[in-house]
Amino acid sequence: MGKQESGGEGEESSLPLFESTSARFRGIYRVFASTILVGICLIWVYRVTNIPKPGEAGRWAWIGMLIAEFWFSLYWIITQSVRWDVTYRRPFKDRLSHRYEDKLPGVDIFICTADPKMEPPTLVVNTLLSVLAYNYPTEKLNVYVSDDGGSEFTFYALLEAASFAKYWTPFCKKFNIEPRSPQAYFALHSDVHDVKYGQEWLEIKKLYEDMKNRIESAVETGKIPEETKMQHKGFSEWNLKVAKNDHQPIVQIITDGRDTNAMDNDGCRLATMVYVSREKRPQQPHHFKAGAVNAL
């Protein structure tokens, strides 16, 4: 039994990670391209051998046409380097994950936002949730949200997203959801009859709508629930005078992937999620989002 198992593992490790296939009907395309090349050569011969003599009308126009045709013909010939022998390569992601999952590198993802009015927090949240649901080991995934507007409403939205991610991430993995942005997904599947997992779909949609309504309500009223403020000490950063272009640096770890208690509802570890708002002062140039990326 032991030998058979090791043999199976050895066979699995020797399987290729991708396959290469040639495009169909390559011969037909090569014949077609060859006839075009012959036609191009004939046009060149005709243009060169029939150039008007000096002093004749249309000589410079003829030369101009010759140069243009030569340039476009040369461009067409160069493009044949990628069309003459088209090859498709299909990776086997399952084999890659099985063989090298322990060796996959850590990935840092930056999400930048600058204004909670022009870029509503719900839009940022949908981008964040689609990233958190990546098909990648979550313990190696770190997401940094750069809020260049220093808005407590964006911070509040991320806290709501972190709670919803405990349901959304396992839902995406269980049913292989695409697209993984909740807003885009529910716009594409707007009715429970569009999916096979109706009950779970209804539950997750209700959770999303509730989260979205709480965020939008806070933005519209300009007030974050006091209960939420008391639960997270990060809101104390906004006890100081915080303006869009004048505030201290704010860094808050919303979800720590190293924490064994940071789990989703299926018991899988959540990705690290960090809120970052760099220091900005009116007397110092901040270089907009480029400066925010540099700070990250």
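The values are calculated or read from the model by the stated rules, or taken from the named source; none is laboratory data. Note that the coordinates shown come from a computational prediction; the quantities given were computed from them, not determined experimentally. Note: ideal-geometry Cβ built from the backbone for every residue, glycine included; neighbour counts use all protein chains shown.
So that you can scan it fast, the table gives a plain yes or no per residue for (1) loosely packed, with under 15 Cβ neighbours inside 10 Å; (2) of a type in the set (Gly, Ala, Ser):
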{"residue": "135", "(1), (2)": "yes, no"}
{"residue": "142", "(1), (2)": "no, no"}
{"residue": "148", "(1), (2)": "no, no"}
{"residue": "153", "(1), (2)": "no, no"}
{"residue": "162", "(1), (2)": "no, yes"}
{"residue": "185", "(1), (2)": "no, no"}
{"residue": "198", "(1), (2)": "yes, yes"}
{"residue": "219", "(1), (2)": "no, no"}
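Residue 224 satisfies every condition listed in (1) surrounded by fewer than 18 Cβ atoms within 10 Å (Cβ to Cβ); (2) not in a helix (DSSP H, G or I) except (1). Among residues of region 59-86 being modelled with pLDDT under 90 and loosely packed, with under 10 Cβ neighbours inside 10 Å, the one that is nearest to the chain's Cα centre (by Cα) is 82.
Exactly one residue out of 124, 145 is in a helix (DSSP H, G or I) and at pLDDT 95 or above, and it is 124. For region 227-257, filtering for residues that are part of a loop (DSSP other than H, G, I, E, B) and in contact (Cβ under 8 Å) with a residue 60 or more places away in the chain leaves 4. If you go through region 181-197 and keep only what is at pLDDT below 95 and either in a loop (DSSP other than H, G, I, E, B) or charged (D, E, K, R) (or both), you end up with 189, 190, 191, 194, 195, 196, 197.
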